[in-house]
Amino acid sequence: YNKAEKDALLAKLSDFDTRIFIATDIIAFQNNINIIKRCQYLLHQSTRKNILNNANVIELYSWVPEIFYAYCKQQNSIKDNKLIFGGGVRDNESKILNYLNSVPSVSYLKTETIDNRLPYKDYLKELSKHKFALVIARKSYEQLHWVTARYCEAIANNVIPICDGNYDIDNHFNAIKIDSNGLYNLYQYLSNSPEFCTKFLKEQHQRLSCTQNNFRNLIIDIVR
């Protein structure tokens with residue numbers, strides 16, 4: 001936004017009794033900090049509450065990633081025994097490529113030289129065709145204990161998310177975690193353990209079906 005738009009928005013905030021800023025990307029803490037400071041509530045995707053350390057703003061986990069569990073399900077029961085990854089590599093390119101090269105995989109990435117990412121709906125269709133999904137965050141997300149919708153998208157489509165060890169450090173999702181050196185053995189185990197996979201997915205469906213409306217309930221609770 002330009003300065004006039006920013007000033008108009010800041011002035012408009014005074015019209016409301018309850019002001020809630022919902023941060024779905026950490027860039028908000030750079031670009032929108034003046035707006036956030038004018039709100040009473042900051043809802044974000046960190047499993048640690050105090051990102052700003054501002055006593056005037058109440059910080060809470062937003063439950064936005066869990067919303068995706070309800071809205072991104074695709075119908076696909078036939079799956080390739082492959083690992084899928086989609087997204088920008090950012091500051092984790094070498095780690096991501098190590099993961100992808102260690103097991104049969106499919107990737108839709110953005111690097112400095114290529115961008116074969118898909119529109120979101122097409123990505124969900126591709127995701128649903130695979131048994132496993134790599135979930136990994138950029139390093140700046142890791143530092144803030146930030147979780148994303150990628151985990152919930154996978155479970156919604158009966159795909160087992162395999163998470164980098166630095167993702168979800170507080171174990172919000174109770175995820176399967178690994179490092180690139182151990183991925184091959186884990187892949188072999190999961191590929192040959194259908195009963196374990198079925199049990200794991202069932203447990204995760206139960207967890208997410210119980211929390212998929214938490215964002216809505218949180219907003220209702222805040223505004224009473």
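Laboratory data are not the source of any read-out in this text; all were calculated from the coordinates shown. The shown structure was predicted, so the numbers you read here are calculated from the model rather than taken from an experiment. Using ideal geometry, Cβ is built from the backbone for each residue, glycine included, and neighbour counts are taken over all protein chains shown.
Compute from the Cα atoms of the stretch 1-106 the Rg and the Dmax, the latter being the longest Cα-Cα distance, and quote both in angstrom.
Every Cα atom of the stretch 1-106 included, Rg and Dmax give 19.4, 55 Å.
On a 0 to 90° scale, report how tilted helix 194-211 is relative to the longest principal axis of the chain, with both axes built from alpha carbons and the result rounded to the nearest 10.
For helix 194-211, the angle is close to 10 degrees.
Taking H as built 1.01 Å from N, whose amide H comes closer than 5 Å to the amide H of SER105, not counting residues under 5 places away?
When sequence neighbours closer than 5 places are left aside, the close amide H contacts are LEU83.
Highest first, please rank the peptides 9-18, 36-45, 104-113 by the mean number of other Cβ atoms sitting within 10 Å of their residues.
Top of the packing list down: 36-45, 104-113, 9-18.
For a quick protection proxy, order the peptides 94-100, 131-137 by their average other-Cβ count within 10 Å, most packed first.
131-137, 94-100
Kindly work out what percent of the DSSP beta bridges joining two residues of the stretch 64-153 are antiparallel, to the nearest 5.
Counting DSSP beta bridges with both partners in the stretch 64-153, the antiparallel share is about 10 percent.
Enter the Cα centre distance for the pair the stretch 18-70 and the stretch 165-207, rounded to the nearest angstrom.
Result: 28 Å between the Cα centres.
Once the Cα atoms of helix 214-223 and of the chain are each reduced to a long axis, what angle between those two axes, in degrees from 0 to 90 to the nearest 10, is obtained?
Between helix and principal axis, roughly 10 degrees.
Each residue of the stretch 93-108 in turn: what ³J(HN,Hα) in whole Hz from Karplus with 6.51, -1.76, 1.60 and θ = phi - 60°, glycine and Pro shown as x?
Here the 3J(HN,Hα) series is 4, 5, 5, 4, 5, 4, 4, 5, 7, 8, 9, x, 8, 10, 9, 10 Hz.
Please report, in whole Å, how far the alpha carbons of the stretch 130-170 spread along each principal axis, starting with the longest.
Computed over the Cα atoms, the extents are 29, 16, 14 Å.
What list of ³J(HN,Hα) values in whole Hz, one per residue of the stretch 52-69 in order, does the Karplus curve 6.51 cos²θ - 1.76 cosθ + 1.60 (θ = phi - 60°) give from phi, with Gly and Pro shown as x?
Those phi angles translate into 7, 6, 10, 5, 8, 10, 7, 9, 9, 5, 7, 6, 5, x, 5, 4, 5, 4 Hz.
Long-range amide H contacts for PHE132: which residues qualify at under 5 Å (H placed 1.01 Å from N, peptide plane, sequence gap of 5 or more or a different chain)?
LYS82, ILE84, ILE160
In whole Hz, what ³J(HN,Hα) sequence does the stretch 2-18 give by Karplus (6.51, -1.76, 1.60; θ = phi - 60°), x for Gly and Pro?
Per-residue couplings from phi come out as 8, 5, 5, 5, 4, 5, 5, 5, 4, 5, 5, 4, 5, 6, 10, 6, 10 Hz.
Roughly what would the spin-label model give for ILE176 and ILE78, points 7 Å off Cα along C-beta, in nm?
Simple spin-label model gives 2.3 nm for this pair.
Mind scanning LYS73/LYS129; LYS12/LYS37; LYS12/LYS49; LYS6/LYS139; LYS79/LYS202 and naming the pairs with a C-alpha gap bigger than 21 Å?
Table pairs above 21 Å Cα-Cα are LYS12/LYS49; LYS6/LYS139.
Taking a quarter of the surface of the Cα convex hull of the stretch 91-203, what do you get in nm²?
Its Cα hull, projected and averaged over all orientations, spans 7.1 nm².
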